[in-house]
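Beneath this line is the structure, given in structure tokens, with notes to follow.
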Amino acid sequence: MDWYFKVLRNYVGFRGRARRKEYWMFILVNLVLTGVLSILDKMLGLKIAADEGMLTTIYGLLIMLPSWAVQFRRLHDTDRSAWWLLLVLIPIIGWIVILIFNCQNGTPGENRFGSDPKLMDATLVSD
């Protein structure tokens, strides 16, 4: 949950880098929370439209900006500009390419988007 809250605290941080662990832990917690909210929507009968749950929709809107920010930072960690996200406009192939980028290890050391978040995390732990 610390990784999830770290992303939420940096919800407008489109600069810098996000390591794989930060990104994927955020995605995992999002999936779990979305599933729980979806079940609650069904149990309570909260619907906005035919299959749109109210709690799930509200959560999705609230989490949209932090999701984009962490995705930008994740691409920065692999030394790619956020312009690469335009690939999501290409169905299936673009999504697979972005998924591959998100699974790749970040650039070791400093790159044009900042210093290595793994080294920064290691420094914080050793202090």
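With K and R counted +1 and D and E -1, the other residues having a Cβ less than 13 Å from that of PHE113 yield a net charge of +3. Multiplying the residue separation of ILE93 and MET43 by 0.36 nm and removing their Cα-Cα distance gives an extension gain of 14.4 nm.
For the chain, the relative contact order works out to 32 percent when only alpha carbon pairs closer than 8 Å and six or more residues apart are counted. Residue order by solvent-accessible surface for VAL12, VAL97 is VAL12, VAL97, largest first, with ligands and nucleic acids left out and a 1.4 Å probe. Membrane-span-like helices in the chain, defined here as complete DSSP H runs extending at least 18 Å along the helix axis by their C-alpha atoms with mean Kyte-Doolittle hydropathy no lower than -0.5, are 20-44, 54-77; this is a sequence and geometry rule, not a statement about a membrane. Considering the values (i) 15.5; (ii) 16.4; (iii) 15.9, which represents Kirkwood radius over Cα pairs in Å as calculated for the structure under consideration? Of the listed options (i) 15.5; (ii) 16.4; (iii) 15.9, (iii) comes from this structure.
The values are calculated or read from the model by the stated rules, or taken from the named source; none is laboratory data. Quick caveat: nothing in here was measured; it's all calculated off a predicted structure. Here Cβ is always computed from backbone atoms with ideal geometry, including for glycine, and neighbour counts include all displayed protein chains. Protein only, heavy atoms only, side chains kept; ligands, DNA and RNA dropped before computing areas. Shrake-Rupley method; radii C 1.70, N 1.55, O 1.52, S 1.80 Å.
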